[in-house]
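What follows is a set of notes on a single structure, which appears directly below.
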Amino acid sequence: RAMYCVVHPGTHPAVWGGDPGQMYGGHNLSASSWTEPPAARPVDYGKGVARGKGYRRGRRPGQADDQEPRGQPQAGAAAPAAEQRPKESSGRGKRSKQRAQRAKAAAPQPLERSLSDVLAAFLAGNVPTPEQLLAHALEFATHEQGSQFLLELPQQQLSQVAGVLAERAVEVSKDEHGREVMMQLLASDLSDCRGRILELLSSDVVALSLDPHGCRVIQAAHEACPSLREQELLTRDLCGHSLVLTQSQHGNHVIQRVIESMPPSQLQFIIEELTPPAVRMA
C-alpha cells in the first residue's frame with residue numbers, strides 16, 4: 001500500500017490515511033490539526049507508446065516545456081544520413097538488371113508491315129471481291145482479322161483460295177494466324193489441295209516440327225492423312241532427327257503424334273535412334 005508522509009507543524013511525521021485521533025510518537029493528532037496532503041501534479045504522458053518505436057511520443061516526467069519529445073528531431077536539425085542518400089543496390093541485383101536490359105535490346109523487334117489497300121478497306125468494313133481475295137490471299141491468311149474471314153468462307157470460295165495458299169504452305173504454316181488457316185485446309189475435303197500441301201510440308205518437315213506454329217500444322221497433317229502413303233511422305237525426312245525432335249519442346253509433340261498414328265513396323269527408325277542415348281543415360 002502506498003503511504004503518504006505529511007510534516008505537520010509541531011508534530012512528528014504521521015501516516016496519512018490513519019485515524020486522526022490516534023496517538024503517534026507521543027503526540028495526539030486531532031482532527032482539528034489534521035492537514036490534507038498536497039495534491040499530486042498531473043503528468044502529461046502524451047498519446048502513449050508509438051507502434052513499433054519503443055518510446056513515448058509525449059512529454060516525459062521531468063522534461064522541460066521547451067524540449068522536444070523523445071524520438072522526434074528538433075527543429076532545424078539535420079536529417080539522418082540514411083534519409084539523405086538513397087540506399088545503394090547490391091552488385092548482384094545491378095548485374096541482373098543490366099543483363100535483362102541487354103537481353104531486351106538484343107531481342108528481335110516485330111516489324112510493322114504496311115497493309116495493302118484491299119486489306120485496309122476490309123478492316124474499314126468493305127468486303128473484298130473474289131478477285132481481290134485471290135490476289136491478296138497470303139496477306140489475309142497471315143493477318144488476325146483476315147485469317148478469321150478466310151475461315152468463315154463457304155466451301156466453294158475456300159477451295160479457290162486454297163489453291164493459292166497451297167503453293168505457300170510452308171510460309172503460311174510458320175505464321176501465328178496462318179497456321180489456323182492451313183489446319184482448316186488439311187481438315188477439309190479438298191483432296192487435290194491437301195495433296196499439294198502435304199508434298200510441300202514434307203520437303204521442310206524438320207524445320208516445321210521445330211517451329212512453335214509449324215509443329216501444330218504437322219500434327220494436324222498426321223491426323224488428316226487417310227492413307228499410309230501420305231503418312232510415310234511426312235515421316236520420310238524425319239530419319240536421323242529423332243533425338244533432336246525428342247529434346248525439342250515443339251518437336252517432341254510431333255514424335256508423339258507419329259508414334260500414335262503410324263503402325264509399329266514404320267517406327268523402327270525412331271527406336272534405332274533413341275536406343276543408344278537411352279542406354280548411355282541408364
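The values are calculated or read from the model by the stated rules, or taken from the named source; none is laboratory data. This one's a predicted model, so the numbers in the text were calculated from it and none came from an experiment. Using ideal geometry, Cβ is built from the backbone for each residue, glycine included, and neighbour counts are taken over all protein chains shown. Surface areas here come from the heavy atoms of the whole protein model, side chains and all, with no ligands, DNA or RNA. Shrake-Rupley method; radii C 1.70, N 1.55, O 1.52, S 1.80 Å.
With the crude spin-label approximation of a point 7 Å out along Cα→Cβ, what separation in nm comes out for Ile259 versus Glu176?
Roughly 3.2 nm, to one decimal.
Of all GluC sites (Glu not before Pro) in segment 118-223, which ones are in loop regions per DSSP and have a Cβ with at most 10 other Cβ atoms within 10 Å?
On the way: sites: Glu131, Glu139, Glu144, Glu152, Glu167, Glu171, Glu176, Glu180, Glu199, Glu223; in loops: Glu152, Glu167, Glu176.
Of the GluC sites (Glu not before Pro), the ones in loops of segment 118-223 whose Cβ has at most 10 other Cβ atoms within 10 Å are Glu152.
Roughly how many Å² is the accessible area per residue of segment 179-282, as a whole number, for a 1.4 Å probe? Let's see the in-between values first.
Details: 5380 Å² over 104 residues.
It amounts to 52 Å² per residue over segment 179-282.
For Ala135 and Ser227, compute 0.36 nm times the residue count separating them, minus their Cα-Cα distance, and round to one decimal in nm. Before the final figure, lay out each step's value.
Working: separation 92, 0.36 × 92 = 33.12 nm, distance 3.30 nm.
Result: 29.8 nm gained on full extension.
Order the peptides 265-275, 226-236 from the highest to the lowest mean number of other Cβ atoms within 10 Å of their residues.
On the way: 265-275: 13.2, 226-236: 14.7.
Answer by packing, highest mean first, reads 226-236, 265-275.
Could you give the nm distance between label points at Ala124 and Val279, where each point is 7 Å from its Cα heading toward the beta carbon?
So the two model labels end up 6.9 nm from each other.
Using the basic label-point model (7 angstrom from Cα toward the beta carbon), what is the Ala187 to Gln249 distance in nanometres?
2.5
Find how much the distance from Glu199 to Glu167 grows on full extension, using 0.36 nm per residue of separation minus their present alpha carbon separation; answer in nm with one decimal.
Numbers: separation 32, 0.36 × 32 = 11.52 nm, distance 1.00 nm.
Here the answer is 10.5 nm.
Give me the percent of the accessible area of segment 136-282 that comes from carbon and sulfur atoms, probe 1.4 Å, all protein chains in place.
Carbon and sulfur: 50 percent of the exposed surface of segment 136-282.
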